[in-house]
Structures are given as C-alpha cells and as structure tokens.
Amino acid sequence: MRTIAIAAGGDSPEYEVSVKSAIEVSRALTPKYRVYIIIIRGSDWYWEDERGRYHKINKNDFTLVADDSRIRFDAVFIAIHGTPGENGLLQGYFDMLRIPYTSCDAFCSALTFNKQACKLFLKEYNIPMAEAVMIRKDDHSDLPAIIRHLGLPCFVKPNDSGSSFGVTKVSKKEELIAAVEKAFRESDEVMIEAFIKGREVACGVVRTRSRSLILPVTEIISKNEFFDYEAKYTPGRSEEITPAMIPAKISDEIQKLSLRIYNLLGCKGIVRVDFIIVEDKPVFLEINTVPGMSAESIIPKQARAAGIELADLYSMVIEDLFL
C-alpha cells in the first residue's frame, strides 16, 4: 500500500478551504492508501495524529517520525489553494527532493497563478479573453486613462490571489482608487480587467498518460454582485448547475477549449477552467490548477454528474505518477 501525503493549509486566505479539501480527499483515498494530511503554514509543517499530537515534518527530506518510526511518502496530493501550493513554490521543493506530486509542475503553476502572465501566454494562441491592464505598487499609473481604455464597469483584482479575495466590481470611476487599494492588500500587482456580460461557466479537465477526461460543464449563477468568496462558500449564495443547461454545441466547444488550454499550458493533474459565455462563444476568465475539492466545490460535483467516483478520480492522478 502506497503512503500519500496530502499537503494542506498554506499561507493565503484560502487556508480553511484547503483544509476542507484535504479532509474530503483523505476520506476518498483512505481505503486504498495510507494517508496523512500534512498542514503547511509558514514555517510550521506538521501532521496531527488521532490523539491530537503534532509531529513535525523534517523539511530536509519531507519525512516525519511517529511512534519511533520514520514515515516516507511515495507521493504528495497537493490541496493547497494559493501560496505555496498553487504558485510553484511547493512544486519546486518536491522537484528537488524527487517526490512526485499530483499538480502542475513548478513553471506551469507559476505561470497560471499569475493572471496577467497567463492571459498574455494564451493570447498568443488566439484564446478569446477580456482586455486587461496590470499595475504594480509604486507605479504612477494613470487610472483615468485605464478606465477610458477598458470602460466601466470593470473588475479590479489581485494578480496572484485566489477565491476572489480582494476583487471588486467597479461601476463608477469614484470607486476605482479604493478598489485598487483593496487589491494591493492581497498582492503587489493588480489587474484591471474589462467587464464582460454573459453566463459564467466552469469545466474540469484531468489528463493522465493513458487518458484525457473532460468533465461536464457547470453554470455558476451568483446571487451576489459576482462569484466572490461569500458566493462560493456560503450555502444559498450561488447556484451551480451541473451539467449546465446550455446547448450541447456550446458545451462541447467549452470542453474542447478547456482541453486545448490545458494542453497549451502543459497542465497536469486536476484543473478547472472558467469562462464567460458571450453570444454563444466561451471567453476565457482564468484557470485553477489546484481547484477546491471540498463538498461545496465544483470539481466533485462535476465528477458525480459524470458518474465518476471521487476515489477513482483521485487515485487516477496518483497512480499516473508511477507509470
């Protein structure tokens, strides 16, 4: 039986969501693997046993000692949303230790976590997307000129943060400065993006050496101004319809485009791609290379809609590491 570490926690505001994801993944994997949820929070890396005792991880080789025996992991299931699990830092660490992991590699993770860099990369391949401008702290950016270029309403968002933390929909130019300041509290780079009116959808993609699995499309209907953190994780604040009630032709186009984006970026493991449907055409929003796996998350719902057991989905990406 293989021994699997589930890396959870992280240093972003998505800490609690990550821990929930890890618990759900652990439940699915436990019958088939020896599973340890490893909490990574700043310099504290540990496993908590059933008696509530903390066992520190040796960062030199990512092992831990429990009951006088040293535990080594065959692979790591990365469930950290945000830094350091989604931006390439943890991937680089495991690469150096030659421990296989389930997510995209270090370069792909860093590229996709940086919203503007990812958009610029995909733009070269004519992937449709909203216009955007990036600004940095201490830049003397001409905000009125940016608004004239992008128009109103627009979105102001941290360039490297997840779950809509620090994101504001700006409808009046007077709201822009406060929105930019809010986003800068989450990141040193801020992206101002043109608003696109349409239906928001998401599509999960899983690719292994032996097969490509494109999950059913989900339509996201937020009861808030947009699909923010509250809408994502508060019951009743959003509707997530899977499969989406859209024409089969559009659904098929979204699935094909999701796989194309996955392949262009060189993704690995389980990924979710988000779009806005505008006049029956999908427009790229962003990609999540470590999507949520909690009970409220989209990927588990898509898997169930496709008739796929979560245990099979997660073990599929783990077993692929050993082929």
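None of the figures in this text is laboratory data; all of them are computed from the coordinates on show. Keep in mind that this is a model prediction, so the values were computed, not measured. As a convention, Cβ positions derive from the backbone with ideal geometry for all residues, glycine included, and neighbour counts pool all protein chains shown.
Just list whichever of Lys157/Lys182; Lys169/Lys249; Lys169/Lys301; Lys20/Lys119; Lys119/Lys157 have alpha carbons separated by over 20 Å in the model shown.
Details: Lys157/Lys182 9 Å; Lys169/Lys249 31 Å; Lys169/Lys301 27 Å; Lys20/Lys119 29 Å; Lys119/Lys157 14 Å.
In this structure, Lys169/Lys249; Lys169/Lys301; Lys20/Lys119 exceed 20 Å between Cα atoms.
Could you size up the charge dipole of segment 132-194 around its Cα centre, putting +1 on the beta carbon of Lys and Arg and -1 on that of Asp and Glu, and report it in debye to the nearest 20?
Magnitude of the dipole: close to 260 debye.
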Inset, instruction - Just name one of Ala7, Gly166, Ile261: the one whose Cα is farthest towards the positive end of the charge dipole of the chain (beta-carbon charges, Lys/Arg +1, Asp/Glu -1). - result: Ile261
Inset, instruction - Let me know the charge dipole size of the chain about its Cα centre in debye, to the nearest 20, where only the beta-carbon of Lys, Arg (+1) and Asp, Glu (-1) is charged. - result: 540
Legend entry - Vicinal HN-Hα couplings computed from phi for segment 39-52 (Karplus, 6.51 cos²θ - 1.76 cosθ + 1.60; Hz; Gly/Pro x): 7, 10, 9, x, 8, 8, 10, 7, 10, 9, 7, 5, 8, x
Legend entry - Label-point separation, Thr208 to Ser171 (7 Å along Cα→Cβ), nm: 4.8
Inset, instruction - Would you mind listing how long the chain runs along its three principal axes, going by Cα atoms, in whole Å with the largest first? - result: 65, 47, 38
Inset, instruction - Calculate the length of the line joining the C-alpha centroid of segment 34-88 to that of segment 245-282, in whole Å. - result: 34
Inset, instruction - Check the straight Cα-Cα distances from Lys173 and name the aspartates and glutamates below 16 Å, setting aside those fewer than 8 residues away within the same chain. - result: Asp142, Glu181, Glu193
Legend entry - Disulfide-incompatible cysteines by the Cβ rule (no partner under 4.7 Å) in the chain: Cys118, Cys154, Cys203, Cys267
Inset, instruction - Could you work out which residue, out of Asp139, Asp312, Asp160, moves most in a Gaussian network model of the chain, that is, has the largest mean-square fluctuation with Cα springs under 10 Å? - result: Asp139
Inset, instruction - Using the Kyte-Doolittle scale, find the helices of the chain whose mean hydropathy is at least 0.0 and whose Cα atoms extend 18 Å or more along the helix's long axis, counting only whole DSSP H runs. - result: 15-29, 248-265
Legend entry - R0 of 35 Å, Cβ-Cβ distance His55-Glu239: FRET efficiency to nearest 0.05: 0.25
Legend entry - Fluctuation leader among Ser258, Ser171, Ser238 - the chain, Gaussian network, Cα springs under 10 angstrom: Ser171
Legend entry - Residues of segment 177-208 with amide N under 13 Å of the 7 Å Cα→Cβ point at Ala117: 189
Inset, instruction - Starting from the amide H of Gly269, placed 1.01 Å from N in the peptide plane, find each other amide H under 5 Å away whose residue is 5 or more places distant or on another chain. - result: Arg207
